[in-house]
1. Give me the Debye-computed log₁₀ of I(q)/I(0) at q = 0.13, 0.16, 0.25 Å⁻¹ for the stretch 470-530, equal point scatterers on Cα only, no solvent, two decimals.
2. Give me the dipole magnitude in Debye, nearest 20, for the stretch 304-389 about the Cα centre, with unit charges on the beta carbon: positive for Lys and Arg, negative for Asp and Glu.
3. Quote the Stokes-Einstein diffusion coefficient, in whole µm² s⁻¹, for the stretch 251-409, based on the Kirkwood radius over alpha carbon pairs, a temperature of 25 °C and a viscosity of 0.890 mPa s.
4. Hull surface divided by four, with the convex hull built on the Cα atoms of the stretch 587-721: how many nm²?
5. Take the Cα coordinates of the chain, assign each an equal point scatterer, and use the Debye formula without solvent to give log10 I(q)/I(0) at q = 0.05, 0.07 Å⁻¹.
6. Over its Cα atoms, what ratio of radius of gyration to 2.2 N^0.38 Å does the stretch 471-703 give?
7. Restricting everything to alpha-carbon atoms, can you work out Rg to Rh for the stretch 537-633 with a Kirkwood hydrodynamic radius?
8. Report the relative contact order of the chain, percent, no decimals, based on alpha-carbon pairs under 8 angstrom and at least 6 residues apart.
Amino acid sequence: MRSTIVLSLLVLVLLAPLAEAGEWVPVEVIEFQGIQTRETALQQVASGEYDVGLFSLPAGDYLGLSKDLLENLELYKTVVSYVDLTFNTYHDPDKEAPIVTRGDETYLNPFAIREVRFAMNYLVSREHVAGEIYGGNAAPMFGCVRPSHPASGYIEPVYAAMNFTAGGNEELALQVIETAMKEAAGEIARYGHRLEKVNGTWHFDGRPVTVKLAVRTEDERAKLGVYIAEQLRKAGFAVEMVYLDRQKASKVIFNEPPSDYEWNVYTGRWFADKSSGLWMDDYAAWFYSAWYSYLPGRVGPEHRNTVTVLDFLREVGNGNPDRGLEAIGAEYYGRASELGEMLNWTEEELTRLLYNLSAEVNGESYAITSAGQYWDLQKLAVGIGIMESARVFLVEEWELSPVNRERVRGVAPDSTTGILNRWSLLGASTPDGVLRVAYFVPTCGLCGAFNPVDGFDSPIVPVSLWGFVHAPGGRVGSGGLYEPYGCNWTVERGNFTVPEDAVVYNQTLGWVSPHAGETAVVRVTFTCRPVMWHDGVELRGADFKYYLAFLYTWAYRDGPDDPYYDENLEDTAESLSDVLSFEFTGNGYVVYGTYAHPFADDVTARHYLHYPTFPWELYHAMGELVARPGEYGIVRDYSFSRGPLCLNLLEREHAMDLKRVLELLEGRKEVPSAIAGDVDDPTEGYERAVAWIGERGHAFISNGPFYIEKCEPRNLYLELRAFGGVSSIPSPASVPTPSTQEPTGGPEGHQTATNTSLIHAIGLAGLLILVLMILMRWKR
């Protein structure tokens, strides 16, 4: 009996790997294939030819799939845009009535009446728009902050205070419009005109009041226009449909004077910001203010905001501004009187304060000093914008990205970008450890710039490539705050004396201490975790130090003919101007600065974090290749961003020129002056970089969880492999021993995790047989 039990347990234990051999394996290989027809790639993902479609399509494009293919897909939404109604609010400036005069013709503009505009918030059923017009692939949106934005939760009390619902309130809207038009009739009569309602339709001087509805034709807004026209007719207006394409709309709506009176209502659409942080400093300014220039009237005359903070608080507080503050969930301001003169501000003054975090109005200085105050004022700004209603938001629009559910597990979608980001696929598993990804390429080939000055957000490489191959020092987390990733930080506010040995970099003088003894308002300490570059070199203090020297060198022009300058780093120069000095610590640095966000430490830290993408050897070689190619025997004339030949680290020819520079630098054991005292022998770093480029034909050497194994621009193909911290580039001191084992399985003959598990399981099965034989002999 005992032998039977022991045998059973052994069978269970030893068979476990066999069961696991067919289970899901963390991705070790990612194969990116560029495609130029998303609809075809969708079929290929559904049929299993690809695992993931790294693109998005409208929901309607999925309806063409058969039921069997559709059942193979897991669909992840990504926010692509938000849709609004933008109004022409113009009226003759010399009249206090909604009258527009053009030549000998006089018109009534109902949307010069604020109450009529505001009533559109209730007249339109956002639920209908999202469900019927956008097929359920949209969400109701009441203000300028989309529902998926990290700040949405802070603003939602405003919508509740204004009694907004997704279904709208048609009866209330019609009452408000009726009352507003009757009041306007009295104003109009003073100028010798007549406004009246005849058989359910408003007439101005005997003619129907006609709304020119400007409708975009290339997407769902064509259907939206039909619905809006129907609702406007219920309110007693005649409607003339004006169909516009993108080019015509841009000209008529935003680049011609509203006083031309070519339109009344426009079905607008705004592309969603895919990298939204929590702090929405300019949102209300962008969409609701005249000074920020995104309302019609950029060419003049401007929309004139008239609603005040006090007006809004009385509106949502049933006449009591203190109750209004309570209704919107204010925390910093307990009573309306605490707002002082701000009660008389319109959107113009309030959004300037929110955008700049400090402002001077009528000789008085104002500043935002805490997050509580910030959010109270943001609620007021959004509330005023909604009450003014020069623009009324309707829905946040989604598209869908396909993943083959039979092949992929462990996807973690983002609320805004879906799977079109760095993080969502990092935890993915497949049966064989291989992830086959189709990504959309709007133009052919991996051309154009791909370097640390011009950037890596090229539309011709996978949207998540940068994130897979590089690990950043910090990232925007799910809550919208910038949070530590590769580095931790401590932000200290106060008055700090800059140490005598703290330095900044000057291209001519080197590291200097021009600000020693001065007072900094902030001190930020960055401590970064140890990591390995893909070529096998550890992240070193010299990497931080040289990267900063590289930025100083290329961000500032030292004379008219400075070859070490690129205007694309203008923003970097502005950021570095806030630095008084650095102290280097080996695994990071301490920075003393003159800028500190009034209350958001994450913004302050992000401003001062400069985390290298590459080892210093590669930065040095890139700089030399761009600035002095002839001295290294290079015939091509490169630049980082100004063309005609921008450095692309993925292009083989560019990489080989960079390899040539690295070899010459290695030969003379060159250590840049910026790190002369920090590096004794540069040989290993140069040798590893040279070997990497020679072996792979590209020069992207970073520190991410994957590295680029293959890059075939002509075939729009990239292959990434998991990087476990051990480089495939051997140490210069060692002699590599070629493997005698033939690779089996996996793409291009590379062994995958599943094959490894299977081999392990087969070995254990053999052991099981041996144990069974021993037990049977023992039993006999």
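1. For the requested q values the scattering log ratios are -0.54, -0.74, -0.99.
2. That gives the stretch 304-389 a dipole magnitude of about 140 debye.
3. 139
4. Hull-based average projected area comes out at 11.2 nm².
5. Those come out to -0.36, -0.68, one per q.
6. Cα Rg divided by the expected 2.2 N^0.38 Å: 1.03.
7. My calculation puts Rg/Rh at 1.01.
8. Once divided by the residue count of the chain, the mean separation gives 18 percent.
The values are calculated or read from the model by the stated rules, or taken from the named source; none is laboratory data. Since the structure is predicted, the reported quantities are computational estimates derived from the model, not experimental observations. Note that we place each Cβ from the backbone using ideal geometry, even for glycine, and neighbour counts take in every protein chain shown. Note: areas computed on protein heavy atoms with side chains; ligands, DNA, RNA excluded. Shrake-Rupley method; radii C 1.70, N 1.55, O 1.52, S 1.80 Å.
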